[in-house]
Amino acid sequence: MNINNLKDSSTRLRTKSLGIPIRVLLIEDNPGDAYLIKFLLKEAITAEFQVKNAARLSIGLDLLETEDFDVILLDLQLPDSYGFETLEKVQQHIFHIPIVLLTGLDDEAFALEAVREGAQDYLVKGKIESDLLVRTLKYAIERKQAEQMIRRRNLELALLNEERHRLSTALEQTAESIIITDADNRIVYVNPAFEKVTGYKHGEVIGLLPDFLNSKSHNKERYLLLQRAIAAGRVWQGRLTGIKKDKTLYIFESTVTPVRDDDGTIVNYVSVQRDVTREMALEEQYRQAQKMEAVGQLAAGIAHDFNNLLTVINGFASLLQTEIDEDDYAQESVERILHAGRRAADLVSKLLAFSREQAITPEVVDLNHVITDITKMLYSMAGEHIDLDISLNSDLWLTKTDPVQIEQAIINLVVNARDAMPEGGQLSIKTNNVILDKDNNLDALPGKYIELSVSDTGAGMSDEVKSHIFEPFFTTKEVGQGTGLGLAIVFGIIKQSDGHIQVYSELNQGTTFKIYLPWVNDTPRPVVCPTPQVAPNCGFETILFVEDDTEMRALIKWVLQKYNYKLLEAKNGEEALKLFDSYPETIHMLLTDVVMPGMSGKALAEKILRKQPTLKVVYMSGYSNDAITHYGVSENGPNFLRKPFTPIDLVNKIRDMFDAQV
């Protein structure tokens, strides 16, 4: 039943004590009984009655549809209905109006049955007196009113209980942690999400102040602001660092709201907390990736110019070295130039590795074999004052990565660990198989991974240092002790291999780097060691070479003329096309830079190949692999020469292309 109907009915029934006539529907077919009842009610002193008489049940039911009544006097023996069926039919039409039965039987069993069927009372014909009739009708109305009040209250309680159940279910199942405290800020309730996040059980925290979650990671002023807001009865919102039962830290966003009673007095506080530790870590990774991408773009951008310069420096130094006697005092100077040039070229290579734009040659490898191949080197690099322990899982899964680059990453980590232990210590390298689930904090896809860990017992790092370690040129070493690129290069190499890296470190507690490389279901390819070539002493073919850098053209011209190649020199694609069209003899090879002003090397080659399909083509570039791929050239192709290159590299590449079988 609608609760509003109950309220309306109850209001109307309460008006009978205020002098308003009581409206009676008398359903009685006997004219004498009907007259008597109307007469007795008209003569009543304590109440005023308005009576309408219906001789048939159907007429009575029609009146109930169109008019309002406060009580019904119902005869059970009517022309169109008989017995308790009559009562049931009336109740089906109207439930909230009290019914008093009229019967010729003075039987206690009948009375009990009548009440059980829903009647408020009954009157025995022939024994009806004015006072009894009035009292019975009044009591019937009052009892019905009381029943309706009880029914309404029960309905309200049922709705309240249902609402409480929904609220309780929501609190129990919400993903946010809920803490409810009393007016003294002592915990009276925590939900399952709180237990899951913090590790504390419900029974462990009831009655405690929430201070046990305080990690003391913030200054006192921040906590004072929270306490003042709570004391003033204001809503407080903010981000805090808490401490779990296992002493690990977590970051959460909290909203603390005071709960007031009807008088406005604070009786509880509700704190809704959302664990944002993973979000913060991902945000930090994103910011770090943005910074590294920016520096990577810069590194890739300058690499081309550096590579051109280094090719010229190292190339002319190599040529000069061949022109002077071995015992000439100038040999040492030239060797120093070459050494510095090689270091500079290595630095550019590291910059590209950091920026993840240096081409890699991924292979299916067993990481254990990679480590085993460089074990002697690792022991040598660690030094005698370091206790190096290498523990490799004998059933290690395979991964796909560039073995040379992953070697570089391991070496960098070992050097980093060694430098963190100047007084000696323990260094551990381990491999293992792991399965990451979807809840891992690496933002890695769930699945199988090979884990490589490098741990040391050195000085460790503060949180501030840890937040910068993968940034290029960031270093805690003294000036001249390092470039600050070591860990940035490791980061770039791992990311290029679709891997992940994580660092665990505390001051004076050592450091552990963990690398996760994806598992592959494949077999490693046998390693083929190429046989070094010796540059030939002469050539007879004609080469059209195209290079926009003046110094590079001078070097290439000097080298190739030294080996007796016939040369046609152009500084851009348009000039090269004119030379090709105007040259009367056969041109055997096009040697071209990839990225040039105007026409690219690839576009130039395509134009010439349409005219001479048998032409050999060699591309050269100092740009990153991504950049040259954009022009349709692959660094991994057999006809590609990466800058910086040595004179012997240049001559060998050209000879290889000429001698290769078509």
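The values are calculated or read from the model by the stated rules, or taken from the named source; none is laboratory data. Quantities reported herein were computed from a predicted structural model and do not represent experimental measurements. Note that each Cβ is placed from the backbone with ideal geometry, even for glycine, and that neighbours are counted across all protein chains shown. Note: accessible area is taken over every heavy atom of the protein model, side chains too, but ligands, DNA and RNA are not part of it. Shrake-Rupley method; radii C 1.70, N 1.55, O 1.52, S 1.80 Å.
Miscellaneous remarks
- The residues in region 45-88 that are assigned to a loop (DSSP other than H, G, I, E, B) and of a type in the set (D, E, K, R) can be counted, and the count is 6.
- Sole residue being in contact with a Gly (Cβ under 6 Å, 6 or more places away or on another chain), of a type outside the set (Val, Ile, Thr) and open to solvent by 10 Å² or more (accessible area, probe 1.4 Å), chosen from ASN639, ASN572, ASN625: ASN572
- Test: residue in region 97-111 that is among the hydrophobic types (A, V, I, L, M, F, W, C) and open to solvent by 50 Å² or more (accessible area, probe 1.4 Å): yes
Matching residues to (1) out of contact with any helix residue (DSSP H, G or I) (no Cβ under 8 Å at 6 or more places or on another chain); (2) of a type in the set (A, V, I, L, M); (3) under 13 Å from THR512 (Cβ atoms):
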{"residue": "ASN393", "(1), (2), (3)": "no, no, no"}
{"residue": "TRP397", "(1), (2), (3)": "yes, no, no"}
{"residue": "ASP402", "(1), (2), (3)": "no, no, no"}
{"residue": "ALA409", "(1), (2), (3)": "no, yes, no"}
{"residue": "LEU413", "(1), (2), (3)": "no, yes, yes"}
{"residue": "ARG418", "(1), (2), (3)": "no, no, no"}
{"residue": "ILE429", "(1), (2), (3)": "no, yes, yes"}
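To keep it simple, each residue is scored yes or no on (1) within 21 Å of LYS138 (Cβ to Cβ); (2) touching a His at 6+ places or on another chain (Cβ under 8 Å); (3) of a type outside the set (Phe, Trp, Tyr); (4) in contact (Cβ under 8 Å) with a residue 24 or more places away in the chain.
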position: LEU26; (1), (2), (3), (4): yes, no, yes, yes
position: ASP33; (1), (2), (3), (4): yes, no, yes, yes
position: ILE37; (1), (2), (3), (4): yes, no, yes, yes
position: LYS42; (1), (2), (3), (4): yes, no, yes, no
position: SER58; (1), (2), (3), (4): no, no, yes, no
position: ASP75; (1), (2), (3), (4): yes, no, yes, yes
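- Residue identified as over 22 Å from LEU309 (Cβ atoms) and either of a type outside the set (Ser, Thr, Tyr) or touching a Gly at 6+ places or on another chain (Cβ under 8 Å) (or both) among LYS557, LYS602: LYS602
- All of GLY637, GLY622 fail the test of being in contact with a Pro (Cβ under 8 Å, 6 or more places away or on another chain) and among the small types (Gly, Ala, Ser), apart from GLY622.
- Qualifying residue in region 21-37 (condition: basic (Lys, Arg), under 24 Å from SER130 (Cβ atoms) and at pLDDT below 80): no
- Residue in region 222-255 that is surrounded by the fewest Cβ atoms within 10 Å (Cβ to Cβ), counting only those that are of a type in the set (Gly, Ala, Ser) and in contact with a Phe, Trp or Tyr (Cβ under 6 Å, 6 or more places away or on another chain): ALA229
- Extreme residue, farthest from VAL124 (Cα to Cα), among residues of region 28-75 that are open to solvent by less than 60 Å² (accessible area, probe 1.4 Å) and of a type in the set (Phe, Trp, Tyr): PHE69
- The single condition among (1) at pLDDT below 85; (2) farther than 30 Å from LYS643 by Cβ that ALA382 does not satisfy is (1).
- Residue within region 589-602 that is surrounded by fewer than 17 Cβ atoms within 10 Å (Cβ to Cβ) and more than 21 Å from LYS643 (Cβ to Cβ) present: no
- Any chance THR476 is modelled with pLDDT of 75 or more and among the β-branched types (Val, Ile, Thr): no
- In region 625-660, residue modelled with the lowest pLDDT [restricted to those that are in contact with a strand residue (DSSP E or B) (Cβ under 7 Å, 6 or more places away or on another chain) and among the β-branched types (Val, Ile, Thr)]: ILE628
- Within region 111-157, being within 60 Å of the chain's Cα centre (by Cα) and of a type in the set (Val, Ile, Thr) holds for one residue alone: ILE150.
- Residues that are more than 24 Å from GLU471 (Cα to Cα), at pLDDT below 90, aromatic (Phe, Trp, Tyr) and surrounded by fewer than 16 Cβ atoms within 10 Å (Cβ to Cβ) occur at least once in region 202-221.
- Scanning region 250-266 for residues that are within 28 Å of the chain's Cα centre (by Cα), modelled with pLDDT of 90 or more and aliphatic (A, V, I, L, M) yields a single hit, VAL256.
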